[in-house]
Structures are given as structure tokens and as C-alpha cells.
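Q: One structure coming up, written as C-alpha cells, with questions to follow.
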Amino acid sequence: MSESPYERGTTHFGFRDVAAKDKQKLVGEVFTSVAGKYDLMNDLMSLGIHRVWKRYFVGTCQVKRGDRVLDLAGGTGDIAALLKDRVGDAGQIVLGDINAGMLSVGRDRMTDRGLVQGLEYVQCNAEALPFPDANFDLVTIAFGLRNVTDKDAALREMHRVLKVGGQARVLEFSEVTVDWFKPVYDFHSFKVLPKLGQLFAQDAGSYQYLAESIRKHPPQAELQGMMDAAGFARTGFRNLSVGIVAIHTGYKV
């Protein structure tokens, strides 16, 4: 059995093979570039539907008032803001992101919304979380796992920091399940999206990478298998919008 590109010391950055040690820096440059226009980026990539996906993602989470939640790749705080109503004043949400620019934008936006109490911001790498074992009732990551260099390590870390009985949830772009729609989606991703990125954000390259990163992300069944291998039980996924995105769920038992 041949070793994986990651084991050989290389991984993918979009459609390019790069040294694994360089991917974090390259991804960081992309998200530093788009941090101030992150909402625009998501609107362009999803035609605005990402707001519905996120609400459904949070609305179906296993979480209650008083819970402690870790939101990884927390970006501009969209998921954390939605979770705040679910955990209430007694709960706590840790918003974690590897990118300082994204984390700063998220903190400012949450403060502007009047959301201060029960929120903590931590710059951290999902592959090596700075939290003790069994520390959270829920761990979420939305549109961030595909940018992690070692996804298996990140999933193991999510499992480690969960309490027994806790839930992990992954919202991510996935593999379209309807054949006739695939060429339409590819045209939007590779022809339209970079041009929109150039027009609205003066940054076609970052948007090209983001489209490519979606195609390199493990499809639904493969990611479920990775969650199984990381130690999660009762894993499963639900496709949204014919598989443009999928919600993956696993539990720590």
C-alpha cells in the first residue's frame, strides 16, 4: 500500500501539491486576505445560502443551556453568535481560529452585536488544541476542516477535548450528489467565483484556491470513515442542497 502525500511530506493546497509544513502559512495568507470580506466570500461561494445552512447546523446541534462549546475555525463569529442563544448566559463558547486576522474580525463583530459575556477567543491550531481532555459538551467546525493540513489529527483532537456523551459537528462543502448539477456547480466554482472575487474583493487567487479546496476535501462517506477512525461513535452525515454541503456528526462514548 503506497503512502499518502501527507506521509511523504507533501499535501494539497487547492490543486497544487505543496510541502505539508508550508500549507498552514499558505492558507493563513488566504484568510488574512479575505478576513475583512469573509461574509462576502461566503455569499459569493454559496449565493447567500450559507446563512440558512448555518442556522440549520446550529439548530440541530446537541446543546443546552449552561453547556461549554468549542467553535473551531470560528471565523467572524457566525456560528458562535447562533450558539449563544442556545447555551444562554450560564453557558460558555470558546471561539477558536488559527488566523489572528479572522479572530480579530470575529471578536469585533461579536462585540458590536453586544455579545460579550460567556465568550472567549483563542488563537489555536485544530491539530493540537490547547485544552484539557473532556472539556467541552459540543465541538463545532464550520467551513474550516478542509483547510486543515492534517484532518485526521484535528478530528482526534476534537474527540479528545469532548466530554463523554458530547457531540462533534462538522459543516463543510462536500460532493454534489446529482449528476446533472455537477457541471453547473463546476462552472460557478471555477469560472464565475474567481471573477466575482476579483470584481468585489480584488482577489481572484484566494477565491480560486477556495473552490479548489472544496474539490480536494474528502467526500461524505470518506469523511465519515475518518471520524470513525478518530474514535467517534454513531457517526453520520446529512446532505444539504444536493450535497453542496454536508453536516457530519459524531459522539464520544
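The values are calculated or read from the model by the stated rules, or taken from the named source; none is laboratory data. All values reported here derive from a predicted model rather than from experimental measurement. Here the Cβ is made from the backbone with ideal geometry for all residues, glycine too, and neighbour counts use every protein chain on show. Quick note on the areas: whole protein, heavy atoms, side chains included, nothing else; ligands and nucleic acids left out. Shrake-Rupley method; radii C 1.70, N 1.55, O 1.52, S 1.80 Å.
Q: Could you run the Karplus curve 6.51 cos²θ - 1.76 cosθ + 1.60 with θ = phi - 60° over region 175-186 and give me ³J(HN,Hα) per residue in whole Hz, x for Gly and Pro?
A: Result, ordered by residue: 9, 4, 9, 10, 4, 5, 7, 4, x, 5, 5, 5 Hz.
Q: To the nearest 20 Debye, how big is the dipole of the chain about its Cα centre, given +1 on the beta carbon of each Lys and Arg and -1 on that of each Asp and Glu?
A: Dipole magnitude for the chain comes out near 440 debye.
Q: Around Ile98, which amide H atoms from residues at least 5 apart in sequence, or from another chain, sit under 5 Å from its own amide H, with H modelled in the peptide plane?
A: Residues meeting the amide H criterion: Ala73, Cys124.
Q: Quick one: accessible surface of Ser206, probe radius 1.4 Å, all protein chains present, in square angstrom to the nearest 10.
A: That residue has around 10 Å² of solvent-accessible surface.
Q: Pairs of lysines 8 or more apart, or on different chains, with alpha carbons under 21 Å: count those in region 150-253, would you?
A: Step by step, the pairs that qualify in region 150-253 add up to 9.
Q: Something else about it: Mean-square fluctuation check for the chain, GNM, Cα pairs under 10 Å: which of Gln202, Gln167, Gln224 is largest?
A: Of Gln202, Gln167, Gln224, the most mobile in the Gaussian network model is Gln202.
Q: Which residue fluctuates most in the GNM of the chain (Cα springs below 10 Å): Val184, Val170, Val69?
A: Of Val184, Val170, Val69, the most mobile in the Gaussian network model is Val184.
Q: Can you tell me, using C-alpha contacts under 8 Å and at least 6 residues apart, the relative contact order of the chain as a whole percent?
A: Relative contact order here is 19 percent.
Q: So, one more: With a 1.4 Å probe and every protein chain left in place, work out the accessible area per residue of region 96-144 in Å², rounded to a whole number.
A: 43 Å²
Q: Amide H to amide H, which residues 5 or more places from Glu172 or on other chains are under 5 Å from it, using H placed in the peptide plane?
A: Those lying under 5 Å, H to H, from Glu172 are Phe143, Ala246, His248.
Q: Still on this structure, please answer the following. Run through region 213-253 and list the chymotrypsin sites (Phe, Trp or Tyr not before Pro) located in a DSSP loop whose Cβ has at most 15 other Cβ atoms within 10 Å. Before the final figure, lay out the partial values.
A: Values: sites: Phe232, Phe237, Tyr251; in loops: Phe232.
When the chymotrypsin sites (Phe, Trp or Tyr not before Pro) of region 213-253 are filtered for loop state and at most 15 Cβ neighbours within 10 Å, nothing remains.
Q: Going by Cα centres, region 140-202 and region 76-132 are how many Å apart?
A: Cα centres, region 140-202 to region 76-132: 19 Å.
Q: Pick from Met158, Met102, Met226: which is most flexible by mean-square fluctuation in a GNM of the chain where alpha carbon atoms under 10 Å apart are linked?
A: Met226
Q: Which ³J(HN,Hα) values, rounded to whole Hz and listed in residue order, are derived for region 223-228 from phi using the Karplus coefficients 6.51, -1.76 and 1.60 in 6.51 cos²θ - 1.76 cosθ + 1.60 with θ = phi - 60°, glycine and proline given as x?
A: Rounded to whole hertz, the list is 5, 4, x, 5, 5, 4.
Q: Taking amide H positions as placed in the peptide plane 1.01 Å from N, state which residues far from Gly166 in sequence (5 or more) or on other chains have amide H under 5 Å from it.
A: Lys252
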